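The values are calculated or read from the model by the stated rules, or taken from the named source; none is laboratory data. Just so we're clear, the structure is a prediction, and the values are computed from it rather than from any experiment. Here the Cβ positions follow ideal geometry from the backbone for every residue, glycine too, while neighbour counts run over all protein chains shown. Protein only, heavy atoms only, side chains kept; ligands, DNA and RNA dropped before computing areas. Shrake-Rupley method; radii C 1.70, N 1.55, O 1.52, S 1.80 Å.
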Amino acid sequence: MGEKQDWDIFASGLTQIKENHKFQKNGKEGHRAEDPAMGLSHVVAEIKEKHYLKYVYVWHAITGYWGGVRPGIYESKMAYPISSPGVNSNEPCDALRSITTNGLGLVNPEKVFSFYNELHSYLASAGIDGVKVDVQNILETLGAGHGGRVKLAQKYHKALEASISRNFPDNGIISCMSHNTDGLYSAKRSAVIRASDDFWPRGPASHTIHIASVAYNTIFLGEFMQPDWDMFHPTSDG
């Protein structure tokens, strides 16, 4: 499925969030049952019961999706991040390149709590225990017209953590791609943070530096959050 199509599907339901047929029991394309028990809650219950999982989390970007939210919803407007020459030369990123080219639908910071609260309350009602909030550092490229990147980060993180507190009482959030200082110092309640860059299991040359960088990151991040080494696995088959 293309990126723009994914973005449109995600954005189209945000004024009344509901799962599509893919997440419904016996779902059929073009038809959805209105019974909540047949929707995402059914999927979550089955995951927990069949696989004996205690917690199920859902991924979303801090802007909703990689490309944000459809313009007009929650007063979102198209923005075009500009990546610094240093970032481009150090680690060229196809995802960032796509966003800078195609733009991102940025929710009005004054409306972003409503956006998070609607999304999180829907997930919580379906039995989801928390969220992994990714792409947090994209905010540092979107501050123009919003009082600068620090002010934008402060508003987004305040709204995000307020929604988490309301909908996931166990502080169910994992921060991801969030090593920018704007985000680190704006987050007041988030307790778990991904400490690593992406792990490439089929690229052995990257493994040593990956483990080293995560260890170094943990020294700093561990002073105020619980570092999560989620992009790591051993060589054992067990």
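Which listed residue (Asn88, Asn180, Ser165) has the Cα farthest towards the positive end of the charge dipole for the chain, taking +1 on Lys and Arg C-beta and -1 on Asp and Glu C-beta about the Cα centre?
The one lying farthest along the dipole's positive direction is Ser165.
Highest first, please rank the peptides 144-151, 128-135 by the mean number of other Cβ atoms sitting within 10 Å of their residues.
The most tightly packed comes first, giving 128-135, 144-151.
At 1.4 Å probe size, with every protein chain present, just tell me what the per residue accessible area of the chain comes to in Å².
On the way: 13640 Å² over 238 residues.
It amounts to 57 Å² per residue over the chain.
With a/c under 1.5 counting as rounded, go ahead and sort the stretch 135-205 into rounded, prolate or oblate using the C-alpha gyration tensor (a ≥ b ≥ c being the square roots of the eigenvalues; past the cut-off, prolate if a/b is larger than b/c, else oblate).
oblate
Any idea what the relative contact order of the stretch 41-159 is, in percent, if you count C-alpha pairs under 8 Å spaced at least 6 apart?
Relative CO of the stretch 41-159 lands at 35 percent.
Quick check: the distance between the Cα centres of the stretch 59-131 and the stretch 159-198, to the nearest angstrom?
15
On a full-extension model of 0.36 nm per residue, what is the gain between His207 and Asn108, subtracting their alpha-carbon distance, rounded to one decimal in nm?
Extra length from His207 to Asn108 when fully extended: 31.6 nm.
Shape of the stretch 35-104 from its Cα gyration tensor (a ≥ b ≥ c, root eigenvalues): rounded if a/c is under 1.5, otherwise prolate when a/b > b/c, or oblate?
It comes out oblate by the Cα gyration axes.
Could you pull the Rg and Dmax for the chain, using just the Cα atoms, both in Å?
Calculated on Cα positions, Rg and Dmax stand at 18.6, 52 Å.
If you stretched the chain out fully between Lys77 and Ala215, how much longer would it get, using 0.36 nm times the residue separation minus the C-alpha to C-alpha distance?
Computed gain between Lys77 and Ala215 is 45.8 nm.
Among DSSP bridges having both ends in the chain, what percentage is antiparallel? Round to the nearest 5.
25
7 Å from Cα along Cα→Cβ at both Ala144 and His31: what's the point-to-point distance in nm?
Modelled inter-label distance: 5.0 nm.
Tell me whether the stretch 115-238 comes out rounded, prolate or oblate; compute the Cα gyration tensor, take square roots of the eigenvalues as a ≥ b ≥ c, and use a/c under 1.5 as the rounded threshold.
It is oblate, given that a/c is not under 1.5 and a/b is not larger than b/c.
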